[in-house]
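Below you'll find the structure, written out as structure tokens, and then a few comments.
Here, each number is a calculation from the coordinates, and none is a lab measurement. Quick caveat: nothing in here was measured; it's all calculated off a predicted structure. Counting neighbours? That spans all protein chains shown, and the Cβs are built from the backbone with ideal geometry, glycine included.
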Amino acid sequence: MCEEQRSSAVVQRPPTVFLADDDDLFRGLLKEELVAHGYAVEDVSDGAQALELLSMSADGLSAAPDVVVLDVRMPGYSGLGVLNVMRRFAKRPPTLLLTAVSDPSIDVLARTMGALGVLHKPVDLVAVLSAIDHAALLGTTRAIERA
Amino acid sequence: MTHRPSARVLIVDPSGARPRVFGALRDEGVAVEVARHPGDALELITRSPPDVALIDLATADTREIVDALRSRDIDVIALAAPGDSAVIAQVRGQLAAVLVDPVAADAVVVAVQRSLELAALRRDAAALRTEVEGLQMAERRWRDVHREALSTLAHDVRASLAVVTMALPASGCGDSALERKLALTRRAVERACEVLGRALERAEVRSVDPADPPSVAGQVTTAAGR
């Protein structure tokens, strides 16, 4: 998503990405790149925290992120576990999963549970940014349709 | 006679007419317990099951006693009078041997010996089965631990490589030397992933066994139950 597209989006604020990954190095790096590309980022390092914050935003107690990025293997709850709970949310932001587990059934389960896609580590920055841009655009389109 | 020292034989004999025959068993070192009444026999079978039983088919409740013995996998040798064919027909399939009067002491000893040997073989077979099951269970546990360890190792290596691939600048910077180094680094990462994949295949390890997909489904169930 280019800067012009972002500025013309319905929401007049930087698109927000909720990022949950227990790998501090990876999370820090991705957060830094996302911020450099115009996103606001809220990040957590475990599944339980992710679930708590996403539930709060689903209940309207905090602003909902535009895109959710969840690592699959995390302490507390796995990304798939969080995604499974998110199915009960009335409004669910476009969600991407990241995983270093080589297991095709993760893709099947994730898509069944409504994830937009699964990114398999090691993945390059261009692919991650492209997937997040696409997810943010989709979220914006949905918001326009709702409006 | 070769049998374990504590071999016990139950004799169900209401008449008590064969003391010489049973004495031959005692002479062979077998512990003999005699029950004169069906109730006593059933109580002994329940309280302290023998290794082998001899039963006079003239005993009341013969069938019930034979059933009680066979349900515990205890061999039954019948002692029959020449006219007992009707009773024999009722329990024939459950008997290890039928000895018809006049019964020779040697015949009883040989029949009991054979049944004791069979009982010992059955015990050995059961012990071996238990041992094999224990070993199979230990092997399954070891395989699970091994699979989990390799799976975790593969995950951690891929996660570490992800930091490298994420940190690499995109192609097209115009510096040919740097482009070459970037390409080499990307190839090295790809090769590391291939090596990892081959190592996991050789160890017949998959993150999820198609026949037993535990981890992912388990994680989902855990979260869903919240």
### Summary
Here region B:75-92 yields Karplus 3J(HN,Hα) values (6.51, -1.76, 1.60; θ = phi - 60°; whole Hz; Gly and Pro given as x) of 5, 10, 10, 8, 10, 10, 8, x, x, 8, 4, 5, 5, 4, 4, 5, 10, 3
### Query
What list of ³J(HN,Hα) values in whole Hz, one per residue of region A:124-141 in order, does the Karplus curve 6.51 cos²θ - 1.76 cosθ + 1.60 (θ = phi - 60°) give from phi, with Gly and Pro shown as x?
8, 4, 4, 5, 5, 5, 4, 5, 6, 4, 4, 5, 5, 4, 4, x, 5, 4
### Task
Could you please rank B:E117, A:E145, placing first whichever residue has the fewest other Cβ atoms within 10 Å of its Cβ?
A:E145, B:E117
### Task
Under a cut-off of 18 Å between alpha-carbon atoms, report the lysines in cross-link reach of A:K121, not counting same-chain residues fewer than 8 places apart.
A:K31
### Task
Please find the FRET efficiency linking B:R202 to B:E148, where r is the Cβ-Cβ separation and R0 is fixed at 25 Å, and quote it to the nearest 0.05.
0.90
### Task
Give the residue from B:V100, B:L135, B:P50 lying farthest towards the positive end of the charge dipole for chain B; charges sit on Cβ (+1 for Lys and Arg, -1 for Asp and Glu) and the dipole is referred to the Cα centre.
B:L135
### Query
By average Cβ neighbour count within 10 Å, what is the ranking of B:53-65, B:35-47 from highest down?
B:53-65, B:35-47
### Summary
For B:V21, B:V109, A:V126, ascending order of other Cβ atoms within 10 Å (fewest first) is A:V126, B:V109, B:V21
### Message
Just to confirm the number: angle between the C-alpha axis of helix B:176-202 and the first principal axis of chain B, 0 to 90 degrees, nearest 10?
### Response
0 degrees
### Query
Which shape class applies to region A:11-147: rounded if a/c is under 1.5, otherwise prolate when a/b exceeds b/c and oblate if not, where a ≥ b ≥ c are the square roots of the Cα gyration tensor eigenvalues?
rounded
## Note on the structure
Measuring from the longest principal axis of the C-alpha atoms of chain B, the long axis of helix B:38-47 (C-alpha) lies at a number of degrees, nearest 10, equal to 30 degrees
### Summary
Note to self, chain A gives a 222 nm [θ] from helices alone (DSSP H runs n ≥ 4, -39500 (n - 2.57) apiece, / all residues, nearest 500) of -14500 deg cm²/dmol
### Message
I need the shape label for region B:1-119. Rule: rounded when a/c is under 1.5, else prolate if a/b > b/c, else oblate, with a, b, c from the alpha carbon gyration tensor.
### Response
rounded
### Query
Sorted by average packing, counted as other Cβ atoms within 10 angstrom per residue and highest first, what order do A:68-80, B:90-102 take?
A:68-80, B:90-102
### Task
Report the relative contact order of chain A, percent, no decimals, based on alpha-carbon pairs under 8 angstrom and at least 6 residues apart.
23 percent
### Summary
Expected sort for B:S115, B:S176 with the fewest Cβ neighbours (10 Å cutoff) up front is B:S176, B:S115
### Query
Relative contact order (percent) for chain B, with alpha-carbon contacts under 8 angstrom and 6 or more residues of separation?
15 percent
### Message
At 222 nm, what value in deg cm²/dmol follows for chain B if DSSP H runs of at least 4 each add -39500 (n - 2.57) and the sum is divided by all its residues, to the nearest 500?
### Response
-20500 deg cm²/dmol
### Message
Let me check against my output: what whole-number percent is the relative contact order of region B:59-154, with C-alpha pairs under 8 Å and at least 6 apart?
### Response
22 percent
### Task
Just subtract the alpha-carbon distance of B:A125 and B:S15 from 0.36 nm times their residue separation and send over the number in nm, one decimal.
35.9 nm
### Query
Taking each residue of B:164-172 in turn, how many C-beta atoms of other protein chains fall within 10 Å of its C-beta, and what is the average?
5
#### Entry: Selected from A:L25, A:L34, A:L54 as most flexible by GNM, with chain A as the system and alpha-carbon contacts under 10 Å
A:L25
